[in-house]
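Visitor: Mind looking over this structure? Questions follow.
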Amino acid sequence: MNIESYIELTALKPDTVILDIEAVCNEAVENKINTVCVPPLFVKKAKQLTDETSVKIVAAIGFPFGYSATEAKVAEIMLAIIDAADEIEMVINTSAIKNNDWQYIGNEINTVLPVIRSKDKKMTVVLESGLLTDEEIITACDIYGVAGVDFVKVSTGFIENNQIFENLQLIRKHLSDPIQVKVPAATVHYGMAQKLIKVGANRLCCNSSLTLIKESLQQN
């Protein structure tokens with residue numbers, strides 16, 4: 001298995017500094033990792049560090065809780081695009097879901113997605129599935145499937161989720177094949193990575209890929 005092709009490196013800790021951005025970008029370039037996800041503050045720096053390489057930079061919008069106003073998310077997205085982000089990853093408004101306000105959820109995605117598409121960028125929506133019921137996850141997948149996002153991410157990784165495999169399976173089951181699925185996998189080992197991929201993960205979002213790559217080489 002070419003594990004590198006599944007990895008998205010992340011630098012999303014609350015205390016992320018330039019040294020962290022330099023580390024993940026250098027690691028991505030050296031190990032031919034496809035994407036790196038960073039806070040909007042560091043998009044421009046990450047693009048400079050990966051200039052003239054194949055590494056794509058993903059901007060994390062509304063991270064980690066997603067309950068900022070839609071207009072604030074649009075502004076954040078536009079600034080990230082100005083700084084040359086290749087993809088946008090937006091945390092959805094979990095509070096709206098728990099309030100059963102599906103109209104808000106629909107309006108949010110129908111507002112931000114045209115902005116992203118107008119700049120030919122890819123989009124990920126992040127569900128905090130550990131806080132959602134199965135019915136809420138399915139309804140969210142229906143909405144984002146109709147909208148036509150590129151990726152659905154199972155969670156931010158900030159909330160403990162003991163049902164990550166079950167949530168991944170449920171999300172994959174209720175999305176059309178063209179829509180891919182991301183999984184936060186900060187401490188994942190190679191065996192778990194294989195299981196996640198088999199269940200339906202298309203990207204494993206890790207803060208370091210070195211252990212996974214080393215283990216995969218040993219397996220092969």
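Visitor: From the list 140, 186, 147, 201, which residue is at pLDDT below 95 and either over 24 Å from residue 5 (Cβ atoms) or of a type in the set (A, V, I, L, M) (or both)? Before the answer, list the steps.
Guide: On the way: 140 fails: at pLDDT below 95; 147 fails: at pLDDT below 95; 201 fails: at pLDDT below 95.
Only one candidate qualifies: 186.
Visitor: Confirm whether residue 128 is in contact (Cβ under 8 Å) with a residue 60 or more places away in the chain, out of contact with any Pro (no Cβ under 6 Å at 6 or more places or on another chain) and under 16 Å from residue 57 (Cβ atoms).
Guide: Numbers: in contact (Cβ under 8 Å) with a residue 60 or more places away in the chain: yes; out of contact with any Pro (no Cβ under 6 Å at 6 or more places or on another chain): yes; under 16 Å from residue 57 (Cβ atoms): no.
Judged against the criteria, residue 128 is not a match.
Visitor: May I pose another question? Would you mind stating whether residue 168 is at pLDDT 95 or above, assigned to a helix (DSSP H, G or I) and buried (at least 20 other Cβ atoms within 10 Å of the Cβ)?
Guide: Working: at pLDDT 95 or above: yes; assigned to a helix (DSSP H, G or I): yes; buried (at least 20 other Cβ atoms within 10 Å of the Cβ): yes.
Yes, satisfied.
The values are calculated or read from the model by the stated rules, or taken from the named source; none is laboratory data. Computed from a predicted structure; not experimentally measured. When we count neighbours, we look across all protein chains shown, and the Cβ atoms used for this are built from the backbone with ideal geometry, even at glycine.
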